[in-house]
1. Name the residues in the range 40-83 that are among the aliphatic types (A, V, I, L, M) and more than 21 Å from ILE4 (Cβ to Cβ), would you?
2. For the range 1-77, please list each of the helices (runs of 4 or more DSSP H) lying entirely inside it that holds at least 3 residues being more than 17 Å from ALA87 (Cα to Cα) and touching a His at 6+ places or on another chain (Cβ under 9 Å).
3. Could you list, ordered by first residue, the pairs with Cβ atoms under 8 Å in which the first is in the range 1-17 and among the aliphatic types (A, V, I, L, M) and the second is surrounded by 10 or more Cβ atoms within 10 Å (Cβ to Cβ) and assigned to a helix (DSSP H, G or I), at least 6 apart or interchain?
4. Give the residue that is surrounded by the most Cβ atoms within 10 Å (Cβ to Cβ), with candidates limited to residues of the range 54-77 that are free of Cβ contacts under 8 Å to residues at least 40 places away in the same chain and under 19 Å from VAL15 (Cβ atoms).
5. For the range 54-63, give me each residue that is in contact with a helix residue (DSSP H, G or I) (Cβ under 6 Å, 6 or more places away or on another chain) and farther than 8 Å from CYS27 by Cβ.
6. Spot the failing condition for LYS32; the list is (1) within 11 Å of the chain's Cα centre (by Cα); (2) modelled with pLDDT of 95 or more, and only one is missed.
7. Scan the range 78-111 residue by residue and report those that are more than 20 Å from GLY33 (Cα to Cα), in a helix (DSSP H, G or I) and either at pLDDT below 70 or not acidic (Asp, Glu) (or both).
8. Which one is modelled with the lowest pLDDT, of the residues in the range 12-27 that are under 15 Å from LEU72 (Cβ atoms) and surrounded by 15 or more Cβ atoms within 10 Å (Cβ to Cβ)?
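The values are calculated or read from the model by the stated rules, or taken from the named source; none is laboratory data. Here the structure is a predicted model, which means the values were calculated and not measured. Every residue, glycine as well, gets a Cβ built from its backbone with ideal geometry; the counts of neighbours run over all protein chains shown.
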Amino acid sequence: MLDIQEKLKEIGPYVPEDDDDLLVCRCEEVTKGEIRKAVHGGITTIEELRRFLRCGMGLCQGQTCGTLTRRLVARELHVPQSEIDVATSRSPMRPLAMETAGNDLGNEEKL
């Protein structure tokens, strides 16, 4: 298990970079700097990032920003990208009519 305090000592403090305002997740408008700050604040997994910053939770579900986000987290943690687990895939959630849900259960009758 990762000792977060030791890891934070190892990676050092957050130091701003010139391109920290670069947009990484267009759907949720998350910047490179926000991701880097989160990592230096103790967030070490993609799942934690999704919950904290919502990167990868927009319309594309991380198809656009997922690889870049993993690369940034790996670089900040000084580990190979292969050590950073990919985000859990989830089906997009959309509103649907109750009639549709009822039909999925085999109830073809209309109420």
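1. Scanning the range 40-83 gives MET57, LEU59, LEU68.
2. Where helices (runs of 4 or more DSSP H) fall fully within the range 1-77 and carry at least 3 residues being more than 17 Å from ALA87 (Cα to Cα) and touching a His at 6+ places or on another chain (Cβ under 9 Å), they are 4-11.
3. Going by the 8 Å Cβ cut-off, the qualifying pairs are LEU8/HIS40; ILE11/VAL39; ILE11/HIS40; ILE11/GLU76; ILE11/LEU77.
4. Narrowing the range 54-77 to residues free of Cβ contacts under 8 Å to residues at least 40 places away in the same chain: 54-64, 66-67, 70-71, 73-75.
From what's left, under 19 Å from VAL15 (Cβ atoms): 71, 73-75.
Details: ARG71: 13, VAL73: 23, ALA74: 16, ARG75: 14.
The qualifying residue surrounded by the most Cβ atoms within 10 Å (Cβ to Cβ) is VAL73.
5. First, pick out the residues of the range 54-63 that are in contact with a helix residue (DSSP H, G or I) (Cβ under 6 Å, 6 or more places away or on another chain): 55-57.
The answer is CYS55, GLY56.
6. Evaluating LYS32 over (1) within 11 Å of the chain's Cα centre (by Cα); (2) modelled with pLDDT of 95 or more leaves (1) as the failure.
7. SER82, MET98, THR100, ALA101, GLY102, ASN103, ASP104
8. Per the stated criteria, the residue is TYR14.
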